[in-house]
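Before I ask anything, here is the structure I am working with.
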Amino acid sequence: MRFMMLMIPGGYEKAAPDATPSLDAIEKMMKYNYELGAAGVLVSLDGLRPLSSGARVSFATGHPVVTDGPFVETKEAIGGYWILNVKSKEEAIAWAKKCPASANETLEIRPFFELEDFPQDVQDGARHFEAQQEKRLQEKLNK
């Protein structure tokens, strides 16, 4: 099962665009990340810059509207993520408990949708689409 583990640092929604974690925090997190990799459960990970360096594209008006960060209404911001491939939600939680997070940080764990989670007709349609995409890619490569 794949899970996304989201780091939500308190106050990160108001951080300056150039804000970075301390060296001590980075060293601790690198050790933790190494342990995830060594255990074979780590698929991917990355840290995210603060909201003030990003943008949002909304579609409420029927057309894309771009808003540069920070976003006043935001109460929480994701500071980074891990994608884990584990046997269960309980195993994902066990890994989350080992994270060297500080007192103002929260981890959120959410499972990915897998193709098998959808009705058979949706699965068949997705497989057909993937096959068509693969065929187009092969045709381009053979040109």
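For the chain, with every protein chain kept in place, what is the accessible area per residue (1.4 Å probe, Å²)?
72
Quick one: helix 120-141 against the long Cα principal axis of the chain, what's the angle to the nearest 10°, folded into 0 to 90?
Approximately 80 degrees, to the nearest ten.
Right, another one. Which FRET efficiency value, to the nearest 0.05, do you get for L141 and V66 by plugging their Cβ-Cβ distance into 1/(1 + (r/R0)^6) with R0 = 30 Å?
0.25
Using the alpha-carbon atoms, what tilt in degrees (0 to 90, nearest 10) does helix 23-38 show relative to the longest principal axis of the chain?
Its long axis makes an angle of about 40 degrees.
Give, as a single signed number, the net charge of other residues whose beta carbon lies under 13 Å from the beta carbon of A55, with Lys and Arg counted +1 and Asp and Glu -1.
Within the 13 Å Cβ shell, the charges total +1.
Which links in K89/K135; K31/K89; K75/K97; K14/K87; K75/K98 stretch past 28 Å when you go from one Cα to the other?
Where the Cα-Cα span goes over 28 Å, the pairs concerned are K89/K135; K14/K87.
Given a 1.4 Å probe and every protein chain left where it sits, what share in percent of the accessible area of the stretch 74-143 is carbon and sulfur?
That fraction is 53 percent.
Kindly rank 10-16, 87-93 from highest to lowest mean number of other beta carbons found within 10 Å of each residue.
Those peptides, ordered most packed to least, come out 10-16, 87-93.
A further question follows. Can you give the relative contact order of the stretch 1-142 as a percent, counting alpha carbon pairs under 8 Å and 6+ residues apart?
Rounded, it is 39 percent for the stretch 1-142.
Same structure, new question: Show which aspartates and glutamates lie in cross-link reach of K28 when reach means a straight Cα distance below 20 angstrom and same-chain residues fewer than eight apart are skipped.
D46, E105, E108
How far is it, in nm, from the label point at A55 to the one at V43 when both lie 7 Å from their Cα along the line to the Cβ?
Placing both labels 7 Å beyond Cα along the Cβ direction yields 2.9 nm.
For the stretch 38-143, place one equal point scatterer on every Cα, skip the solvent, and apply the Debye formula. What is log10 of I(q)/I(0) at q = 0.11, 0.15, 0.17, 0.20 Å⁻¹?
Summing over Cα pairs of the stretch 38-143 leads to -0.67, -1.04, -1.09, -1.08.
At 7 Å along Cα-to-Cβ for each site, give me the label-to-label distance between E116 and K98 in nm.
2.4
Let me know the shape class of the stretch 19-72, please: from the alpha-carbon gyration tensor, a ≥ b ≥ c as square roots of the eigenvalues, rounded when a/c is under 1.5, otherwise prolate if a/b is greater than b/c, or oblate.
oblate
Excluding E108 itself, calculate the net charge of residues whose Cβ lies under 14 Å from the Cβ of E108, where each Lys or Arg counts +1 and each Asp or Glu counts -1.
Local charge sum for E108: +2.
Another question, then. Taking θ as phi - 60°, what are the ³J(HN,Hα) couplings along the stretch 99-114 by the Karplus curve (6.51, -1.76, 1.60), each to the nearest whole Hz, with x for Gly and Pro?
5, x, 6, 8, 4, 9, 10, 10, 10, 10, 10, 9, x, 7, 5, 10
The values are calculated or read from the model by the stated rules, or taken from the named source; none is laboratory data. Everything numeric here is computed off the predicted structure, so don't read it as measured data. Neighbour counts are summed over all protein chains in view; Cβ atoms, including those assigned to glycine, are modelled from backbone coordinates with ideal geometry. Areas reflect the complete protein model, heavy atoms only, side chains present, ligands, DNA and RNA absent. Shrake-Rupley method; radii C 1.70, N 1.55, O 1.52, S 1.80 Å.
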